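Readers should treat all values here as calculations from the given coordinates under stated rules, not as data from a laboratory. Keep in mind the model is a prediction, meaning the values are calculated, not measured. Cβ placement follows ideal geometry from the backbone for every residue including glycine, while neighbour counts extend to all protein chains displayed.
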């Protein structure tokens, strides 16, 4: 056993020889497919739109059978490289590329997200927030297909929007600022969770975090409304602004929520969402 | 050639900057929360600053120190069928073997320790019936737990991959040995 490695290996001693064999296989075999040596691979190129991000060689816990069914459902708009190692054309060139990459530079490969510079990660996350915002809140061709709408969900956007709304409301309040903030935050956070559970209990098909993310992003118009209301203190103006932003928020949330459930239960799923946004609107108007 | 790439066993942390940032935001969030109750009366500031520091810490651990200190990464994706898939990624075998033991010890211990401290603080707030502070603690605790669960699953997945691969390697070597034996005959 090599004693220079013995201090740092957290592995069982018998796997030392396996490490040598693994190395040989890395350098020799290229076409053995994704089940064997999988050094780290970057999951996706920087995401400007809504690609499903996966690359052929991620060490993922996906079992093989679903991958086969995925290839049947591949839709034209999405890039071809998304289906891992099932469609024949993309993997071999990528495979050769990644093997050469890893063999050549090992730990320091620049195309890995495991070894990318920190600034790249920051930029990637920021651009994802912006793109999610544009997808959800502004009109765009992908709105009608809610499954695609928030494929790359993230919770940073919603987090910032909720905090911003709480801060704005708290700032506008002349008394009880802390309570206003706490109430606004708790209302929005608990409200998003409960609305998601509501859809799930109605037999709808959504993913928990995707829905939380969507409901958070739909708060953006109300954020804008609250900011304007904070600056302009006239009641009539506030009323108009809140109505406009409320309609905008509801419009943003509508496609996703309505297609997630059975059509006969659409109103049951949408009504609580609308109710929550109306109550937030009331908070904005009533605070002075 | 491989011997040249191996670092000599190091006494100190291999990535001191990453370790520092890993601990910095956790400690700052905890310290601010504990000390602010003595000096600041405005709850909003306490909430926003503590939660912001905790969120920063979550991001740093997930995206930076997890990668650098232990070579693990986890995230969630939604696939073509609209199903949620948790993806785990880890360094290849050789790089994993080169991870500094002190780094990974620090990583895992501070991760667990922070969660435990938040639980204690939560119990204090509960006992004092301060709902506002329970809210703060709940948010920070859920962020810590998310990271713990994510990284633990990722580490188990990496170990499983190693074992699976080792088994496959042994099996394939065995079959190729048998084949070559037969071809000679």
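A few notes on this one:
- Start at zero, step by 5 Å, and the Cα-Cα distances of segment A:118-286 spread as 1, 9, 18, 21, 20, 15, 10, 5, 2, 0 percent across the bins.
- Distance from segment B:82-128 to segment A:147-177 (C-alpha centre basis), Å: 27 Å
- Extension gain, residue B:170 back to residue B:113 (0.36 nm per residue minus Cα-Cα distance, nm): 16.6 nm
- Fewest-first ranking of B:19, B:140, B:154, using other Cβ atoms within 10 Å as the exposure measure: B:19, B:154, B:140
- On a per residue basis, the convex hull of the C-alpha atoms belonging to segment B:81-185 measures out at 145 Å³.
- Ellipsoid equivalent to chain B - semi-axes via the Cα gyration tensor, in Å: 44, 20, 12
- In plain terms, the residue of A:259, B:152 with the fewest other Cβ atoms within 10 Å comes first and the most crowded comes last, giving B:152, A:259.
- Contour minus Cα-Cα distance for residue A:126 and residue A:232 (0.36 nm per residue): 35.1 nm
- Label point distance in nm, residue B:179-residue B:28, each placed 7 Å from Cα along Cα→Cβ: 5.7 nm
- Approximate spin-label separation residue A:262-residue A:240, in nm, with each point projected 7 Å along Cα-to-Cβ: 4.4 nm
- Ranked A:174, A:127, criterion: other C-beta atoms within 10 Å, fewest first: A:174, A:127
- Two-site label geometry, residue B:145 and residue B:12: point separation in nm, points 7 Å out along Cα→Cβ: 3.9 nm
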